[in-house]
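One structure below.
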Amino acid sequence: MARREILLRRIGHEILLQSGDSTSRVLPVKKIAKNEYQISFEKAFTFQPESLVHTTQRLLAKDPLASDYVVNVLNSARVAYGYAISKNKKDDIVACLGRKQPVAPYLINIQFKPAGIMTAKNGYLLGSLTVLAFVGFMFLKSVQPRKAFVADSQPTSIFPLGAMSFDAEARKLLINGKTIDLTRTETRVLRIFALSPNETIERSRLQKEIWEDEGVIVGRSLDMFISKLRKKMEFNTSVKIVVIRGKGYKLEISA
């Protein structure tokens, strides 16, 4: 349980970094029920749903007992955003990706599925999933049809990177009214960094996700694209891509 609380604090830490906040505190994690925890923050912040989903999945994958959980982001005691992750991926309930949330004093509640939950007496969690499914259905019904989300898709998303914004769908960097176009490959590389700011990304992972999965063998191509991205972001001194010798690269975002 102590390890789980550390992972939850790490989630809060990374969410603040993704919003451009590297100084305010993540407050002590509270256990508000037997299998439910609450992450609170010193200051208001904004978040990108896609980044929140990715961050919780990546970090909670390190907890062997946290394969099924429901996340609710609260604002003034009301659910501003929520989703459910299941060990059986086809049962995941995730909607409204790409809709950046406004700055607010959010709380993040994470409710884990108790071991052996198979009966009706545990209906409160199943009920939460049902509510989320209904909300997702109503949202999808209210907008025009679009392709189902799959692992390789790239949903609309805008990532705050210090004083700059990165529009992954439009393949653009935006700052002070200025727009800088990115190539498809530059966008894919930067998107991996944007989803894990201030975290070392191994060269092997970048090569596999960007090129090798498409059957292309690369030599110095990665270094070339990193160099091009650095040049396009050099006007933004709060963000830089640094080399982690012997490992890979890191997207550093400073206050």
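Close Cβ contacts (under 7 Å, 6 or more residues apart or on different chains) running from residues in the stretch 1-29 that are under 20 Å from S67 (Cβ atoms) to residues that are open to solvent by 90 Å² or more (accessible area, probe 1.4 Å) and basic (K, R) comprise L7/K62; V29/R9. Considered as a group, the residues in the stretch 106-122 that are in a loop (DSSP other than H, G, I, E, B) and touching a strand residue (DSSP E or B) at 6+ places or on another chain (Cβ under 7 Å) include one that is modelled with the highest pLDDT, and that residue is Y106. In the stretch 58-71, of all residues being surrounded by fewer than 17 Cβ atoms within 10 Å (Cβ to Cβ) and out of contact with any Lys or Arg (no Cβ under 6 Å at 6 or more places or on another chain), the one that is nearest to F166 (Cα to Cα) corresponds to R58.
Here is the figure for the stretch 172-191: residues that are out of contact with any helix residue (DSSP H, G or I) (no Cβ under 6 Å at 6 or more places or on another chain), among the β-branched types (V, I, T) and not in a helix (DSSP H, G or I) total 3.
All of V189, V218 fail the test of being modelled with pLDDT under 90, farther than 26 Å from V53 by Cα, open to solvent by less than 90 Å² (accessible area, probe 1.4 Å) and touching a Phe, Trp or Tyr at 6+ places or on another chain (Cβ under 7 Å), apart from V218.
Residue by residue, here is whether (1) at positive phi; (2) in a loop (DSSP other than H, G, I, E, B); (3) of a type in the set (D, E); (4) modelled with pLDDT of 85 or more holds:
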site: Y124; (1), (2), (3), (4): no, no, no, no
site: F139; (1), (2), (3), (4): no, no, no, no
site: Q144; (1), (2), (3), (4): no, yes, no, no
site: A170; (1), (2), (3), (4): no, yes, no, yes
site: A194; (1), (2), (3), (4): no, no, no, yes
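Taking the stretch 196-214 as the range and being at pLDDT below 85 and open to solvent by less than 30 Å² (accessible area, probe 1.4 Å) as the test, the residues that pass are L206, I210, W211.
Pairs, please: C-beta under 8 Å, at least 6 apart or cross-chain, first residue part of a strand (DSSP E or B) and in the stretch 75-96, second modelled with pLDDT under 80 and open to solvent by less than 40 Å² (accessible area, probe 1.4 Å)? Qualifying pairs under 8 Å: Y81/C96; G82/L132; Y83/A95; Y83/L132; A84/S128; A84/L132; I93/L132; I93/G136.
If you go through the stretch 239-255 and pick out every residue that is in a loop (DSSP other than H, G, I, E, B) and among the β-branched types (V, I, T), you end up with 0.
The values are calculated or read from the model by the stated rules, or taken from the named source; none is laboratory data. These numbers come from a predicted model, not from an experiment. Note that we place each Cβ from the backbone using ideal geometry, even for glycine, and neighbour counts take in every protein chain shown. Just the protein is used for accessible areas: all its heavy atoms, side chains included, with ligands, DNA and RNA removed. Shrake-Rupley method; radii C 1.70, N 1.55, O 1.52, S 1.80 Å.
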